[in-house]
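Peer 1: Pasting a structure here, questions to come.
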Amino acid sequence: MAKKISLREFQESVVAKLQSLAVGDAANPSKLGVQIGTKSWLVNLSDISEALPIPALTPVPLTRPWFCGVANFRGNLYGIIDFSHFLGGAPASFGVDSRLLLVHQKFSVNCGIVVSRMLGLRNPEQMQPAGVEEEELPPWVAAEYRDETGKLWQELNMQGLTEHTRFLNVGLTP
């Protein structure tokens, strides 16, 4: 018979595991692999506070097409960004695999980024650098890697993204 565990104990164990991953283990510098549109991204676990299913969104008029609207999480409003559309790709279609990454409070922006699906933990040290010079990358890309299959992965620079003027200006100018 399986051992019974309370929901609270389970949640505390999950939070403790995520916090230990976010702090970083020098032997295992894992990052969260996500698919945004058609591209694969690596996200530092310490740069997000939660990964959630897409909630009901309230549209906001006179905003950029990539600004999906706002959502309420525990009494706080978050602006929801379709990052794939922000990058010039097709608008996201919300499906059962879609998730929302809430940006950590340390960046002082209440926003969430829509991801097409979660791909699990990845270790960039097991990948090869893609050979692109850092100066050639947009401010929201920290690095590019290729995995053993040749697939390109971009590492999200959350600070570069959340400080970028285009990202911060969601309103349409008259």
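Peer 1: Considering only residues that are surrounded by fewer than 16 Cβ atoms within 10 Å (Cβ to Cβ) and either at pLDDT 85 or above or not in a helix (DSSP H, G or I) (or both), which ones fall in region 1-34?
Peer 2: Listed by number, the residues that qualify are Met1, Ala2, Lys3, Lys4, Ile5, Ser6, Gly24, Asp25, Ala26, Ala27, Asn28, Pro29.
Peer 1: On to the next question. Exactly one of (1) touching a residue at least 40 places away in the same chain (Cβ under 8 Å); (2) among the aliphatic types (A, V, I, L, M); (3) loosely packed, with under 10 Cβ neighbours inside 10 Å is unmet by Leu119. Its number?
Peer 2: If we test Leu119 against (1) touching a residue at least 40 places away in the same chain (Cβ under 8 Å); (2) among the aliphatic types (A, V, I, L, M); (3) loosely packed, with under 10 Cβ neighbours inside 10 Å, just (3) comes out false.
Peer 1: Is it true that Ser49 is of a type in the set (Ser, Thr, Tyr), surrounded by 16 or more Cβ atoms within 10 Å (Cβ to Cβ) and touching a Gly at 6+ places or on another chain (Cβ under 9 Å)? Talk me through it step by step, then tell me what you get.
Peer 2: Values: of a type in the set (Ser, Thr, Tyr): yes; surrounded by 16 or more Cβ atoms within 10 Å (Cβ to Cβ): yes; touching a Gly at 6+ places or on another chain (Cβ under 9 Å): no.
No: the conditions fail for Ser49.
Peer 1: Being aliphatic (A, V, I, L, M) and free of Cβ contacts under 8 Å to residues at least 40 places away in the same chain is the filter; apply it to region 34-59 and report the residue that is nearest to Arg146 (Cα to Cα).
Peer 2: Just the residues of region 34-59 that are aliphatic (A, V, I, L, M), to begin with: 34, 36, 42-43, 45, 48, 51-52, 54, 56-57.
Cutting the leftovers down to free of Cβ contacts under 8 Å to residues at least 40 places away in the same chain gives us 45, 56-57.
Values: Leu45: 20, Ala56: 35, Leu57: 35 Å.
Per the criteria, the residue is Leu45.
Peer 1: Hey, can you tell me all the residues within region 149-163 that are surrounded by fewer than 16 Cβ atoms within 10 Å (Cβ to Cβ) and either in contact with an Asp or Glu (Cβ under 7 Å, 6 or more places away or on another chain) or under 17 Å from Val114 (Cβ atoms) (or both)?
Peer 2: Hit for region 149-163 is Leu152, nothing else.
Peer 1: For region 48-55, does any single residue satisfy the condition of being modelled with pLDDT of 95 or more and among the charged types (D, E, K, R)?
Peer 2: No, there is no match, as no residue in region 48-55 is modelled with pLDDT of 95 or more and among the charged types (D, E, K, R).
Peer 1: Right, next: Based on what the data block shows, is Thr173 among the hydroxyl-bearing types (Ser, Thr, Tyr) and at pLDDT below 95?
Peer 2: On the way: among the hydroxyl-bearing types (Ser, Thr, Tyr): yes; at pLDDT below 95: yes.
Considered against the rule, which asks whether it is among the hydroxyl-bearing types (Ser, Thr, Tyr) and at pLDDT below 95, Thr173 comes out as yes.
Peer 1: Within region 35-64, work out how many residues are within 20 Å of Glu163 (Cα to Cα), outside any strand (DSSP E or B) and not basic (Lys, Arg).
Peer 2: Residues in region 35-64 being within 20 Å of Glu163 (Cα to Cα), outside any strand (DSSP E or B) and not basic (Lys, Arg): 4 in total.
Peer 1: Looking at region 72-102, which of its residues are surrounded by fewer than 19 Cβ atoms within 10 Å (Cβ to Cβ) and either in contact with an Asp or Glu (Cβ under 9 Å, 6 or more places away or on another chain) or farther than 12 Å from Val114 by Cα (or both)?
Peer 2: Result: Asn72, Phe73, Arg74, Gly75, Asn76, Leu77, Leu87, Gly88, Gly89, Ala90, Pro91, Val96.
The values are calculated or read from the model by the stated rules, or taken from the named source; none is laboratory data. In this text the structure is predicted, and so the values were computed from the model without any measurement. Please note: Cβ atoms are built from the backbone with ideal geometry, for glycine as well, and neighbour counts cover all protein chains shown.
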